[in-house]
Amino acid sequence: MNKETVSAAITGIDNKYIDEAAMYTPTTASQKPRQIKWIALAASLVFIMFIGIATSAFITENRTYNKAIAYFETTGLSAEGLSRSEVKTVYRDITLGSFSNIKTSEVIWQSFENNK
């Protein structure tokens, strides 16, 4: 293109498009991949933390349940008919000495009934 053709093409452009083009700040090609890498890294760290917390919670729950079952076997209490959470609740109720849960009294009563 020669100067006259370019000049004629520019004069035909509406001013609103020129103003919009003047306000545009292009991002460099290297900025977007860097942002994507940081976002991916952050998402990966959050995922790893979630897996760690979930695993820790599972291990803690399992240890508590195993302690409760061992306590039931040692004391001769029956865990029959109780869910995992009920076994842990009864164990916690007995070891803390509160005896406030109805399931605790049922388990103890059942123990006395079976030992007659």
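Which whole-Hz couplings ³J(HN,Hα) result when phi for each residue of the stretch 62-75 is put into the Karplus expression 6.51 cos²θ - 1.76 cosθ + 1.60, θ = phi - 60°, listed in order with x for Gly and Pro?
My calculation for the stretch 62-75 gives 5, 5, 4, 5, 5, 4, 5, 4, 4, 5, 4, 5, 5, 8 Hz in order.
Taking the Cα centre as origin and putting +1 on Lys and Arg beta-carbons and -1 on Asp and Glu beta-carbons, what dipole magnitude results for the stretch 54-114, to the nearest 20 debye?
Numbers: 6 positive and 7 negative charges, 57 e Å.
Using Cβ point charges on Lys, Arg, Asp and Glu, the stretch 54-114 gives about 280 debye.
Quick one: if you stick a label point 7 Å off each Cα along the C-beta vector at Tyr17 and Ile39, how many nm between them?
Distance between label points: 3.1 nm.
Modelling each spin label as a point 7 Å along the Cα-to-Cβ direction, I'd like the Arg92/Ile51 distance in nm, to one decimal.
Output for this residue pair reads 2.9 nm.
Need the full-extension length gain, Thr75 to Thr5, defined as separation in residues times 0.36 nm minus the C-alpha distance. One decimal, nm.
Values: separation 70, 0.36 × 70 = 25.20 nm, distance 9.92 nm.
Between Thr75 and Thr5, full extension yields an extra 15.3 nm.
May I ask for the Kirkwood hydrodynamic radius of the chain, worked out over all distinct Cα pairs and given in angstroms to one decimal? Please report the intermediate quantities before stating the final value.
On the way: mean 1/r = 0.0476 Å⁻¹.
Result for the chain, one decimal place: 21.0 Å.
Quick one: plug the Kirkwood hydrodynamic radius of the stretch 54-114 (C-alpha pairs) into Stokes-Einstein at 25 °C, 0.890 mPa s, and report D in µm²/s. Could you put the intermediate results ahead of the total?
Working: Rh = 11.8 Å.
Translational D for this selection: 207 µm²/s.
Could you name the lysines in cross-link range of Lys88, using Cα to Cα under 20 Å and dropping any fewer than eight places away on the same chain?
Leaving aside lysines fewer than 8 places away in the same chain, those within reach of Lys88 are Lys67, Lys103.
Please give the contour-minus-distance gain from Arg84 to Thr64: 0.36 nm per residue of separation, less the Cα-Cα distance, rounded to one decimal in nm.
Numbers: separation 20, 0.36 × 20 = 7.20 nm, distance 0.99 nm.
Answer, rounded to one decimal: 6.2 nm.
Read-outs: derived from the displayed coordinates by stated rules, not from any lab. Values in this document were obtained by computation on a predicted structure and should not be read as measured data. When we count neighbours, we look across all protein chains shown, and the Cβ atoms used for this are built from the backbone with ideal geometry, even at glycine.
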